[in-house]
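Below: the structure, in structure tokens.
The values are calculated or read from the model by the stated rules, or taken from the named source; none is laboratory data. What you see is a predicted model, and the numbers here were worked out from it, not measured in a lab. For neighbour counting, all protein chains shown are included, and Cβ atoms are generated from backbone atoms with ideal geometry for every residue, glycine included.
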Amino acid sequence: MFKYWKQGLAGAVAVASLAMPLTATAELTDGKVKIGVLSDMSGVYKALEGPGAVIAAEMAIEDFGGSVLGKKIEIISADHQNKPDIGASTAREWIDAEEVDMITALDNSSVALSVQGLANDKKTITMNTGAGTTALTEEQCTPYGIHYVYDTHALPVGTATAMVKNGGESWFFITADYAFGHSLRDNTGAVVESLGGEVVGNVNAPLSTNDFSSYLLQAQASGADVIGLANAGQDTVNAIKQANQFQIVQSGQKLAGMLAFITDVHSMGLDISQGLQFTTAFVWNQNDETLAWSERFYERHNAMPTMVHAGVYSAVSNYLAAVKETGTDDSDTVRAKLGEMTLNDMFVKDGKIAPNGSMLHDMYLVEVKKPEESQSEWDLLRVVSKIPADQAYISMADTKCSLVN
């Protein structure tokens, strides 16, 4: 589709024509490999990605050996402040002046869409680990954009399905009023309705609001079985804490955190969050491999990793592996190699990057433990079920990505 084979053939002919093989460094377009981590370093999403994403990227580079094709791997980071214009401006400067080869993190859907579009124009790979909107791999998919950890289609497949099957048939949404929240609400609503449930109402809340009282009262008055929180980070924490003050769960309604993180649970405490179910791509103590990596991360960050932190490590590691295997940092060649690879590390098993840019991998429905079940400060979740990749993500037969259909 992108004529990668022509580039590969041209490279092979060029090498064969030389009496002496090219040195590895000669294949780097600018003599180095540089990775940019663009995240919310100070706002509502700081805990779920933020500075921890930089640590995860640094760990990936160190574990890779610190260099690739004979050159030291460089890293740069910045705060996008949840503003698309700042995100795009930073990305433009990175690509044009700093010669950044790949940008990762991007934990805000509006920022992510803006950066992915700009990076596509400049033929730069983005490996989005933090934003959720399916538009990244659907209506606004690009040849260089990869959506790596989760999306707003995968999240409700686990959480909403479980809640509807357990009697939560009517839903009212409190929605973060921007691209991510709307996408999560719409995808969750579609799952609810496909299972015979109904959406009885919705209210939009500004990003980073501190007061959810009026929104919660509307949801409570709706009489819905489930109040779906189509938000994330500190917004989810604030909403759940205030719902507890209103005794909403104690009165018979259920709360669904459509995008929750272990850092949210830790912030709220088990007394408030126990029994909450949500969908995630990673559980830090799920097995020996995840445990060993997470303990290393904890030593640097003083918190266990979210699925996004683990995803940044995996994305950077596999990007560097593709550069090494192809002998170049040329975006077309590296992106083609990433599409061919089967990804296996502590974060993902048998992962594949689909033609629309979606990284297909298993997800997990988890439940927050009761206080008496927890064995340590961060022993907060138990895995309820695994959601296979072919159920979690939009199939290539159904995708709206113009690169596929």
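Brief remarks follow.
- Failed criterion for His309 (all others in (1) within 22 Å of Asn187 (Cβ to Cβ); (2) outside any loop (DSSP other than H, G, I, E, B) hold): (1)
- Cβ pairs under 8 Å, 6+ apart, first in region 150-166 and within 20 Å of Ala354 (Cα to Cα), second buried (at least 24 other Cβ atoms within 10 Å of the Cβ) and of a type in the set (Phe, Trp, Tyr): Asp151/Tyr393; Thr152/Phe180; His153/Tyr393; Ala154/Tyr393; Leu155/Phe278
- Evaluation of Pro388 against the conditions (1) crowded, with 21+ Cβ neighbours inside 10 Å; (2) farther than 30 Å from Ile95 by Cβ shows that the sole unmet condition is (1).
- Residues of region 59-106 satisfying the condition of being out of contact with any Ser or Thr (no Cβ under 6 Å at 6 or more places or on another chain), buried (at least 18 other Cβ atoms within 10 Å of the Cβ) and assigned to a helix (DSSP H, G or I): Met59, Ile61, Thr90, Ala91, Trp94
Residue-wise test of (1) aliphatic (A, V, I, L, M); (2) over 25 Å from the mean Cα position of the chain (by Cα); (3) in the same structural domain as Glu367 (by TED's automatic domain parsing).
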| position | (1), (2), (3) |
| --- | --- |
| Gly196 | no, yes, yes |
| Asn204 | no, no, yes |
| Ala224 | yes, yes, yes |
| Gly233 | no, no, yes |
| Asn244 | no, yes, yes |
| Leu255 | yes, no, yes |
| Pro305 | no, no, no |
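- Residues of region 231-252 that are of a type outside the set (A, V, I, L, M, F, W, C) and part of a loop (DSSP other than H, G, I, E, B): Asn231, Gly233, Gln247, Gln250, Ser251, Gly252.
- Test: residue in region 196-211 that is farther than 20 Å from Ile240 by Cβ, surrounded by 23 or more Cβ atoms within 10 Å (Cβ to Cβ), out of contact with any strand residue (DSSP E or B) (no Cβ under 8 Å at 6 or more places or on another chain) and touching a residue at least 12 places away in the same chain (Cβ under 8 Å): no
- Filtered by the rule that a residue be β-branched (Val, Ile, Thr), within 20 Å of Met396 (Cβ to Cβ) and over 18 Å from the mean Cα position of the chain (by Cα), region 320-355 gives a lone residue, Thr342.
- Residue that is within 23 Å of Asp177 (Cα to Cα) and either in contact (Cβ under 8 Å) with a residue 12 or more places away in the chain or touching a Gly at 6+ places or on another chain (Cβ under 7 Å) (or both), where the choices are Gln274, Gln286, Gln220: Gln220
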